[in-house]
Amino acid sequence: MNTKLAPTYEMMFGDYWVLWYAISNSYSIINSEFKLFLDSYLAANTQTEFSNTTSNQISVSDSLKLSETIHNYLKDCNNPYSPPYTSSDTLDTSHRNITKHYVFGSKRVQIYYSSELVLKTVHPAIAHYCNTSTKETDVTFDIYLKHDKLYLFKNGELLSCVPKRDYHLIQGKFIMQLLCELHNKVEQDWIGTLHGSTITDGNSSILFVGKSGKGKSTLSALLATNGFELLADDVSPLLSENQHIYYNPSSISIKEGAFNLLQPLVKNFEELPIVEFNKTKGQLKYMPCAKPKQDHYPCRAIVLVNYKPESDTIIEPISIKHILETLIEDSWLSPNPKHAQQFLDWLQNVKLYEVTYSDTNSVCSQISTLFKQFTHEN
């Protein structure tokens, strides 16, 4: 009835359809039955025409209710996308109270922080790259708190300004800019930064996703101690040019509940400093990992991680619905239509699984088998 509200792109995944709406830059997952009604609604010129089209399936009164449901659904999916707010403030160098230098291969990065609390937003995850060198830097960042707002500047240019409670937005913007520097890209080159941890066997990679507390980072740490390499923890960048996931230098953030498990497996684990940033996250340790042999690898699978005490290790196929409901919530995905289409195509080409586990040796063995399976398929 109002084709202006129709999805821009759509793709079928088993029993579900994934729809992308350009105006809101949002993805929606619906079942095949609702998709049929949606198509009928969009093709109809009037309510009467829609009711006639659906008369073999539902009554006229139900058709009216369904029409209202679809209309509200489409309105929700078409709330205009608004880029993150930035102010017009200029750099205030009086907040340069703490200075840190980092060396990432050939890249030298300098970051000024306004306080120890602000330092905790970024530094712990990249502390192992800290260097005392005072050689000329390639890029300079400023991160400071002023009037209850967090500011992020790069080479004197304001990138982001958010209320301090939204510090995660500053973390995300910073890591995106750091990745651009390390891989000689710009933000517009990326399909998105996916909320998940990526492990590689040196040939391909697997993206592990999961709600907080489900064991995603712990599993990544276990795999990193069992012959695999960490490609990216928590933020996995996906490049448009080749649809590969790229290296993110951040350490793995380990929650207190996994300390005892990892201490005997990770060299000098007890010497890693404990970081307390807020009560919600509790105590954390950041576990550095060796840089993988390559900067990027193709992703063969997305695995939803589900740690369950005393369970057997089970890897089984899972629907796109369960994967995307977990993946999209905290990921950043480009609003560029080209990238949206690439993202859907990329999803079509990766396998989707859920792993339920409790035994660490068993799950590492099963993931190893999965990697070998991808090698044989190639």
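Only the coordinates and a few stated rules stand behind these numbers; no lab work does. Since the model is a prediction, treat every value here as computed from it, not as a measurement. As a convention, Cβ positions derive from the backbone with ideal geometry for all residues, glycine included, and neighbour counts pool all protein chains shown.
Electrostatic bookkeeping for residue 115 treats Lys and Arg as +1 and Asp and Glu as -1; over the other residues with beta carbon under 12 Å from its beta carbon, the sum is +3. Look at (i) 36.8, 116; (ii) 23.1, 76; (iii) 20.7, 68: the one that is Rg and Dmax of the Cα atoms in Å derived from this structure is (ii). Using Cβ point charges alone (K and R +1, D and E -1), the dipole size of the chain about the Cα centre works out to roughly 800 debye. Among residues other than residue 125 with Cβ under 12 Å from its Cβ, the summed charge is 0 (Lys and Arg +1, Asp and Glu -1). The simple Förster model, with R0 at 30 Å and r as the Cβ-Cβ distance, assigns residue 52 and residue 22 a FRET efficiency of 0.50.
Shape of segment 158-251 from its Cα gyration tensor (a ≥ b ≥ c, root eigenvalues): rounded if a/c is under 1.5, otherwise prolate when a/b > b/c, or oblate?
Numbers: a/c = 2.27, a/b = 1.30, b/c = 1.74.
Oblate, since a/c reaches 1.5 and b/c is not below a/b.
Considering only 45, 188, 101, the residue lying farthest towards the positive end of the dipole of the chain is 101, judged by Cα position with unit charges set on Cβ. Taken about its Cα centre, segment 1-144 carries a charge dipole of about 580 debye when Lys and Arg each add +1 at the Cβ and Asp and Glu each add -1 at the Cβ. For segment 286-351, the number of Lys pairs with C-alpha atoms closer than 26 Å, counting only pairs eight or more positions apart or on separate chains, is 7. The share of C-alpha pairs in segment 284-364 whose separation exceeds 18 Å stands at 60 percent.
Summary of packing: across the peptides 342-353, 211-222, 227-238, the per-residue average of other C-beta atoms within 10 Å ranks them, highest first, as 227-238, 211-222, 342-353. Would you work out if segment 248-301 is rounded, prolate or oblate? Take a ≥ b ≥ c from the square roots of the eigenvalues of the alpha-carbon gyration tensor; rounded if a/c is under 1.5, else prolate when a/b is larger than b/c, oblate otherwise. The shape class here is prolate. In the chain, the calculated helix contribution to ellipticity at 222 nm averages -9000 deg cm²/dmol per residue, counting -39,500 (n - 2.57) for every DSSP H run with n ≥ 4.
Count charges around residue 47 for me, please; just the other residues with Cβ under 14 Å from its Cβ, Lys/Arg as +1, Asp/Glu as -1. Mind dumping the intermediate values first?
On the way: positive: 65; negative: 49, 62, 68.
Surrounding charge for residue 47 is -2.
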